[in-house]
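Peer 1: What follows is a single structure, and I will ask about it in a moment.
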Amino acid sequence: MQGEAANVVRAFENHSLPLEVWRKHATHVLVSTWYLVHLPEAEAIERIRSGIQRYNASHGIAATPTSGYHETVTVAFIRLIQRELARAPADTTFADRVGRIQARLTGTRVLLEHYTEATLMSLRARREWVEPDLRPF
């Protein structure tokens, strides 16, 4: 799995990852988990943020008030992934960690446990980090 994951991350970084693969939530989780496991936290977060923005731009996905990069969704999922990584037993393989995280964090509905839809879909939340308004992480 580590080799496969590294290939997905490499394709994401060089923008050769097919858009239909990138649009799958499981791929976002895989790439984010890879960075969070293999890099210092601050570097991982920056690579996730900037990587998504560069990937989107390379595929013609414009950042608009209703589509493209979403800062709060990105950071919220990073925090949720970090929480799941902290809960995983130390001897868990990368593949098992990713599988567990993908199963627990399927879809953006999980964010609605922490945010009202109005807050999460706001222009402010798209542009900058907004703390949860229902339940903290």
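The values are calculated or read from the model by the stated rules, or taken from the named source; none is laboratory data. The model shown is predicted, which means the values in this text are computed figures rather than measured ones. For neighbour counting, all protein chains shown are included, and Cβ atoms are generated from backbone atoms with ideal geometry for every residue, glycine included.
Peer 1: Mind checking which residues of the stretch 12-51 are part of a helix (DSSP H, G or I) and farther than 15 Å from I78 by Cα?
Peer 2: Of everything in the stretch 12-51, those that are part of a helix (DSSP H, G or I) and farther than 15 Å from I78 by Cα turn out to be F12, E13, L19, E20, V21, W22.
Peer 1: What residue, among those in the stretch 47-65 that are out of contact with any Phe, Trp or Tyr (no Cβ under 7 Å at 6 or more places or on another chain) and β-branched (V, I, T), is surrounded by the most Cβ atoms within 10 Å (Cβ to Cβ)?
Peer 2: My answer is I61.
Peer 1: Sticking with this one: Return the pairs, sorted by first residue and then second, in which the second residue is part of a helix (DSSP H, G or I) and of a type outside the set (G, A, S), the first residue lies in the stretch 7-27 and is in contact (Cβ under 8 Å) with a residue 60 or more places away in the chain, the beta carbons are less than 8 Å apart, and the residues are 6+ apart or on different chains.
Peer 2: Taking only residues 6 or more apart or on different chains, the pairs are H25/Q102; H25/T108; A26/Q102.
Peer 1: Working carefully through the options R83, R97, R54, find the one that is closer than 20 Å to R127 by Cβ, touching a residue at least 24 places away in the same chain (Cβ under 8 Å), among the basic types (K, R) and in a helix (DSSP H, G or I).
Peer 2: R54
Peer 1: Going through R79, R87 one at a time, which residue ends up being under 15 Å from the mean Cα position of the chain (by Cα), under 27 Å from H38 (Cα atoms) and among the charged types (D, E, K, R)?
Peer 2: It is R79.
Peer 1: Limited to the stretch 101-118, what total is found for residues that are in a helix (DSSP H, G or I) and either in contact (Cβ under 8 Å) with a residue 60 or more places away in the chain or surrounded by fewer than 16 Cβ atoms within 10 Å (Cβ to Cβ) (or both)?
Peer 2: Residues meeting the conditions: 11.
Peer 1: Would you call A44 surrounded by fewer than 19 Cβ atoms within 10 Å (Cβ to Cβ) and small (G, A, S)?
Peer 2: Taking the combined requirement at face value, the residue does not satisfy it.
Peer 1: Return a yes/no flag: does the stretch 66-78 have any residue that is modelled with pLDDT of 95 or more, over 14 Å from L30 (Cα atoms), in contact with an Asp or Glu (Cβ under 9 Å, 6 or more places away or on another chain) and not in a loop (DSSP other than H, G, I, E, B).
Peer 2: Scanning the stretch 66-78 turns up at least one residue that is modelled with pLDDT of 95 or more, over 14 Å from L30 (Cα atoms), in contact with an Asp or Glu (Cβ under 9 Å, 6 or more places away or on another chain) and not in a loop (DSSP other than H, G, I, E, B).
Peer 1: Looking at P18 and the list (1) modelled with pLDDT of 95 or more; (2) surrounded by 12 or more Cβ atoms within 10 Å (Cβ to Cβ); (3) not polar (S, T, N, Q), which single condition is not satisfied?
Peer 2: Condition not satisfied by P18: (2).
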